[in-house]
Amino acid sequence: MSKVRVRFAPSPTGGLHLGGVRTVLYNYLFAKNKGGDFIVRIEDTDQTRFVDGAEQYIFDCLKWCGIEPDESPLHGGNYGPYRQSERKEQGIYQQYADQLIKEGHAYYAFDTPEELEQIRKKIPNFQYNQHYRVAFGLRNSLSLPENEVSNLIEKGTPYVIRINIPKDIIISLKDMIRGEVSFDSWQIDDKVLLKADGMPTYHLAVVVDDYLMKITHAFRGEEWLPSAPVHVLLWKYLFGLDKMPEWAHLPLILGPSGKLSKRDGAKYGFPVFAMNWFDPKTNELTEGFKEKGFLPEAFINLLALLGWNAGTEQELFTKEELIEQFSIDRVHSGGAKFDYEKAKWFNHEWIKKSGTDSYKLQAKAIFEANGITITDDAKFETILSLVADRCTLIPDFYTQAIFFFKTPETLDADAVKPKWTEEKKIFFTEWIDKLQLIGNWELVTLEDNFKELATAKNIKPGELQLPFRIMLVGGKFGPPVFVIAAAIGKEETIKRIKNALQQF
Ligand code: GLU
């Protein structure tokens, strides 16, 4: 069997949606599982939808996810160029359109956009197809006499080239996920293959490029399933069905209200794009999973499981484990529901599982954005690891660890007051004196001295730990209280106790 080659073929039109990343991921996992190549091809033939910066953004997202293409416009390769606009410049597509015309599988259509608009007004649900192409005044090389067609072409009349969908046939394809899928040709319109400016449409370009790039398997979203019969016919006419890649149309990712959309994100407060996307056309910024505080390991793990499972109880997978275990037979055909709470669970697990290297830079940036300068990186990392199992998203490191760097602004005095007594107050006053004398400021010394004084005062140490925590942290959270005291130092510990005693 020839080497497996898959492609992700995005159009650079905007942010990279969850579903898009999952398509990348399944392509990638499938290829790597089979020792194959993963190619990124930029499908930029629709110049009206082109958005500046979108291509670079796609590569940034892939890089963040740890998915490195083997071939792409940035990585090079033997089958380039990898941007369709550049391929068009090399005249790659025209010859195939001409071949289709010559063999009667395509035809010229001279109708102007205004003429088509008029027809659409007269015929509701008008489609350029076998029912209408030779009637209703449509001007094309099937409806017009041959000499008129030659005249129009000679005069330089603009035209598009459309596929000539045959009448009354069934077009079938074998989808790796859905099995056999069939379409009646009468339902399919004569899609434009080459536009008036000589630019191929997606339909022609995708088939030609999948062929020339020797793509063996193609995973794409199920929104492309209705176009699949057009592609099958083009494969049949141009290259032979035996050369056609195997298709897999991936089920939709569902949000709380049907198909997961960018608007769902805004509505329910979760990200939908991989990384922050700033749309230069609308000046709108949409938050990404990265900036929300997800780890890339968690992100690809949760996406892999949106539509696939390993058939075991295992939920946490490294990229290597996914590559090893991924199989197309375990991808389901039904829509996969995106559950943000579950997504956060994955991230929490990955924060616990990963070392501080995975998040320290992003965490440091958050501290610094909040005016805290980190001077001792080693200490910062120790603190991050102390609170890691309390963090779900990276910004949680700030709320969970800020008290290591800054005196709490407010104290949860209500948590202390109901059980606050004169004896406890005396304890803490004496505790200050004792702390002043401690030379060896270490966890064990602090803990031993605390217990000693508590015993002397006849109070259970456990009853004193909560007020001590509130004094240092401000609330009922954080790692063991002596760990905190040891980290913030003598002066700061004493200052916080004094300050709290005035408030309780
Ligand atoms: N350019 C198409 C898109 O933006 C690719 C579809 C396909 O993979 O065939 O989704």
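Structure data summary
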| item | result |
| --- | --- |
| Ser182 accessible area, assembled protein chains, probe 1.4 Å, Å² | 70 |
| Distance-filtered residues of the stretch 57-97 - backbone nitrogen under 17 Å, label point 7 angstrom along Gln47 Cα→Cβ | 83-94 |
| Selection from Ile328, His203, Tyr268, by position along the positive dipole direction of the stretch 191-333 (Cβ) | His203 |
| Qualifying trypsin sites (Lys or Arg not before Pro) in the stretch 101-182, DSSP loop, other Cβ atoms within 10 Å at most 10 | Lys155, Lys167 |
| Coil-residue chymotrypsin sites (Phe, Trp or Tyr not before Pro) of the stretch 370-423, DSSP, other Cβ within 10 Å capped at 10 | none |
| Lys, Arg +1 and Asp, Glu -1 on Cβ, resulting dipole of the stretch 352-426 about Cα centre, debye, nearest 20 | 160 |
| Candidate residues Thr375, Thr382, Thr455: accessible-area rank, largest first, probe 1.4 Å | Thr375, Thr455, Thr382 |
| DSSP beta bridge pairing in the chain, given as percent antiparallel to the nearest 5 | 60 |
| Largest-first ordering by accessible area, 1.4 Å probe, given options Ser150, Ser354 | Ser150, Ser354 |
| Inter-probe distance in nm under a simple model that places probes 7 Å from Cα toward Cβ, at Ile494 and Leu74 | 5.5 |
| Exposed-loop-free span, longest in the chain, where GluC sites (Glu not before Pro) count as exposed if DSSP calls them loop and at most 13 other C-beta atoms lie within 10 Å | 104-312 |
| Structure-based [θ]222 nm, the chain - -39500 (n - 2.57) summed over DSSP H runs of at least 4, per residue, nearest 500 | -13000 deg cm²/dmol |
| Low-density loop cleavage sites - trypsin sites (Lys or Arg not before Pro) in the stretch 227-314, where at most 15 other Cβ are within 10 Å (DSSP) | Lys281 |
| Packing-based ranking, highest mean first, of 471-484, 7-20 given that Cβ atoms within 10 Å are counted | 7-20, 471-484 |
| Potential lengthening between Lys214 and Ser185 on full extension [0.36 nm per residue; Cα-Cα distance subtracted] | 7.7 nm |
| Nearest-10 value in Å² for the accessible area of Val232, using the 1.4 Å probe | 10 |
| Cα-centre dipole for the stretch 420-504 with unit charges at Cβ (Lys and Arg positive, Asp and Glu negative), debye to 20 | 260 |
| Length-normalised contact order for the chain - Cα pairs under 8 Å, 6+ apart - percent | 13 |
| Over 25 Å between alpha carbons, listed pairs Lys342/Lys379; Lys32/Lys174; Lys88/Lys174 | Lys342/Lys379; Lys88/Lys174 |
| Whole-angstrom gap from the stretch 115-166 to the stretch 378-399, using each part's C-alpha centre | 65 |
| Rounded tilt (10° steps) of 443-457 against the dominant C-alpha axis of the chain | 50 |
| Ile153-His131 FRET efficiency (beta carbon distance; Förster radius 25 Å; 0.05 resolution) | 0.45 |
| Between the stretch 437-468 and the stretch 1-77, the alpha-carbon center distance in angstrom | 59 |
| Segment Thr375-Arg120, extension gain: residue separation times 0.36 nm, minus the distance between their alpha carbons | 85.0 nm |
| Cα-centre dipole for the stretch 71-135 with unit charges at Cβ (Lys and Arg positive, Asp and Glu negative), debye to 20 | 220 |
| Accessible surface, per residue, of the chain when the full set of protein chains is kept, probe 1.4 Å, Å² | 46 |
| Percent carbon-and-sulfur accessible area, the chain, ignoring ligands, DNA and RNA, probe 1.4 Å | 49 |
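The values are calculated or read from the model by the stated rules, or taken from the named source; none is laboratory data. If you're wondering where the values come from, they're calculated on a predicted model, not measured in any experiment. Because the Cβ atoms are built from the backbone with ideal geometry, glycine has one as well, and the counts that use them run over all protein chains shown. Ligands, DNA and RNA are excluded from the accessible area calculation, which covers all protein heavy atoms including side chains. Shrake-Rupley method; radii C 1.70, N 1.55, O 1.52, S 1.80 Å.
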